[in-house]
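Report on one structure; see the data block that follows.
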Amino acid sequence: VSERFPSFKSDVFQTARGAMYLRGPGVCLISQPQVDLEAVGDEFLSGFADDLGFESYNDDIHGYDVDPSSALCKFAGQLCYLSFGENRTKSTPAGLSKYFDNIKHSGHGSVLEHANFSFLIYGVSRSFTHELVRHRSGMGYSQVSQRYVNGDALRFVERLEFQGDPFLHGRFEANCDSWSFEYEQLAEYLTEIQSRGAKELTADSKRDLRKKVNQVARENLPNAAEAPIVVTGNARAWRHILEMRASEHAEVQIRRTAMMLHSCLLEVAPKLFEDYEVKSLADGTQVLSTKYRKV
Ligand SMILES: Cc1cc2nc3c(=O)[nH]c(=O)nc-3n(C[C@H](O)[C@H](O)[C@H](O)COP(=O)(O)OP(=O)(O)OC[C@H]3O[C@@H](n4cnc5c(N)ncnc54)[C@H](O)[C@@H]3O)c2cc1C
């Protein structure tokens, strides 16, 4: 969609009876660092002795076309040793690769924690999010409530294995219809018995009723129910997730998503993610590998 905020769209399908489903993950990068080092040059670096040559760092601030995440992490890393003089590693493309290779090689991954990226991930199932949220360190999540959201926005996710097989695909579509129907029936019945006897429901009791109904009706849904999620992580944490999940040992849905996440991250922060090599497996799916694991 845009160079600065890349995304992968997932199309929505419908059964003949109107149940909605998706066939794979959709991924949208929705937030990334915005960096302005102007004041660093003007107010901080200019305050040291001239012979240190710190003002030459202004070339790194203004002189090269550096993505914001790399500029941020490099400045933070160079602050550690006050490496702002002429002998520093410059922000040329080759200099940036050298700088971040060294960070990755030496395992000084904490400087990568300054760059945060948020994604909306949809077209994924509850099984997927159950696995993803196990990554705690450096990550934040917001996912669809199991209590506030009713059946109107219900969608399902068809597994890859079902898509090329007419029998499995047919079963899946029939199940989508039956899951939706069951949800509706259950919600209707629960609403009826919960409100029986009450003359009038206040706004609070209506909300409370909706929660009680939804949490019970949702419990009956399969793992294939869609569970959109907003995920924020720093570059170090995302790297760990890519290594764990874009792997042949990972489940296929989360692996596909990890490959998409990597493509987006590589587009906007190439120097932080360029060491990953894409490899194809015999089954046609792809995985990532790097010599710098767990920086
Ligand atoms: C192929 C595969 C199969 C899996 N199968 C199962 C399974 O069958 N059952 C199951 O329960 N889980 C399973 N998992 C989940 C797995 O055990 C981890 O919970 C998940 O991958 C999160 O990774 P992480 O533990 O590295 O944590 P993250 O939160 O991603 O943390 C990153 C790193 O920070 C450090 N860290 C984070 N939290 C702590 C802490 N509390 N104490 C010390 N160090 C910490 C660790 O070094 C950790 O590796 C599987 C994962 C994969 C990739």
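Stretching the chain fully between LEU266 and ALA94 yields a gain of 60.3 nm (0.36 nm per residue, less the alpha carbon separation).
If R0 is taken as 45 Å, the Cβ-Cβ distance between SER205 and SER118 corresponds to a FRET efficiency of 0.80.
With the cut-off at under 18 Å, measuring from each backbone N in the stretch 72-87 to a point 7 Å along the Cα-to-Cβ line of ALA39 picks out 72-73, 75-76, 79.
Each Cα pair under 8 Å and six or more residues apart adds its separation to the average, and for the stretch 71-139 the resulting relative contact order is 38 percent. The distance separating the Cα centre of the stretch 223-283 from that of the stretch 14-87 comes to 21 Å. If the limit is 19 Å between Cα atoms, which of LYS104/LYS294; LYS271/LYS294; LYS98/LYS271; LYS104/LYS279 go over it? LYS104/LYS279, as the Cα separations exceed 19 Å there. Here LYS212 is the anchor, and the lysines within straight C-alpha reach of less than 25 Å, apart from those fewer than 8 places off in the same chain, are LYS199.
What chymotrypsin sites (Phe, Trp or Tyr not before Pro) does the stretch 61-127 have in DSSP loop regions with at most 11 other beta carbons within 10 Å? Sparse-neighbourhood loop chymotrypsin sites (Phe, Trp or Tyr not before Pro): TYR81. For the stretch 191-261, the mean projected area of the C-alpha convex hull, equal to one quarter of the hull surface, is 7.3 nm².
Within the chain, the longest run free of trypsin sites (Lys or Arg not before Pro) that sit in a DSSP loop with at most 10 other Cβ atoms within 10 Å is 1-133.
Rounded to the nearest Hz, the phi-derived 3J(HN,Hα) couplings of the stretch 223-240 under the Karplus curve 6.51 cos²θ - 1.76 cosθ + 1.60 (θ = phi - 60°) are 4, 6, 5, 5, 9, x, 8, 9, 10, 10, x, 8, 4, 5, 5, 4, 4, 4, where x marks glycine and proline.
Placing unit charges on C-beta atoms (Lys and Arg positive, Asp and Glu negative, everything else neutral), compute the dipole magnitude of the chain about its Cα centre in debye, rounded to 20.
Charge dipole of the chain: 1200 debye, to the nearest 20.
Only Cα sites of the chain enter the Debye sum here, all with the same form factor; the resulting log10 I(q)/I(0) across q = 0.08, 0.16 1/Å is -0.48, -1.21, listed in q order.
3J(HN,Hα) along the stretch 49-55: 4, 4, 5, 6, x, 4, 5 Hz, from the Karplus curve 6.51 cos²θ - 1.76 cosθ + 1.60 with θ = phi - 60°, whole Hz, x for Gly and Pro.
Given Cα pairs under 8 Å that are at least 6 residues apart, what percent is the relative contact order of the stretch 128-270?
39
Between SER137 and ALA16, the C-beta separation translates, for a Förster distance of 41 Å, into a calculated FRET efficiency of about 0.35. Residues whose amide H comes within less than 5 Å of that of SER125, counting only those at least five positions distant or on another chain, are ALA227 (H built at 1.01 Å from N in the peptide plane). Taken one residue at a time, the phi angles of the stretch 77-93 give Karplus couplings (6.51, -1.76, 1.60, θ = phi - 60°) of x, 6, 5, 3, 10, 6, 8, 10, x, 4, 7, 5, 6, 7, 8, 5, x Hz. Gly and Pro are set to x.
Are there chymotrypsin sites (Phe, Trp or Tyr not before Pro) in the stretch 129-221 that DSSP marks as loop and that have at most 16 other Cβ atoms within 10 Å, and which are they? Here the chymotrypsin sites (Phe, Trp or Tyr not before Pro) that fit, given the DSSP loop and packing criteria, are TYR148.
The helix-based estimate of mean residue ellipticity at 222 nm for the chain, built from -39,500 (n - 2.57) per DSSP H run of four or more residues and divided by its residue count, is -13000 deg cm²/dmol to the nearest 500. The loop-placed GluC sites (Glu not before Pro) in the stretch 48-133, going by DSSP, that have at most 12 neighbouring Cβ atoms within 10 Å of their Cβ come out as GLU86.
Hey, any idea what Rg/Rh is for the stretch 22-61, computing Rh the Kirkwood way over Cα pairs?
On the way: Rg = 19.1 Å, Rh = 13.1 Å.
Ratio value, two decimals: 1.45.
Seen from GLY138, the other residues with C-beta closer than 14 Å to its C-beta sum to a net charge of +3, counting Lys and Arg as +1 and Asp and Glu as -1. The alpha carbons of the stretch 164-286 occupy a box of 65, 40, 21 Å along the principal axes, longest dimension given first.
Based on Cα contacts under 8 Å between residues 6+ apart, the stretch 1-61 shows a relative contact order of 25 percent.
Divide the volume of the convex hull around the Cα atoms of the stretch 73-121 by the residue count and you get 99 Å³ per residue. Between SER31 and ARG196, the modelled label-to-label distance comes to 4.6 nm, taking each label 7 Å out from Cα in the direction of the beta carbon.
Close amide H contacts of ILE30 (hydrogens built in the peptide plane, cut-off under 5 Å, sequence separation of 5 or more or a different chain): SER118, PHE119, LEU120.
Any read-out appearing in this document is the output of simple, stated calculations on the displayed coordinates, not a laboratory observation. A quick note: this is a predicted structure, and the numbers were derived from the prediction, not measured. FYI the Cβ positions are ideal-geometry reconstructions off the backbone, even for glycines, and counts take in every protein chain you see.
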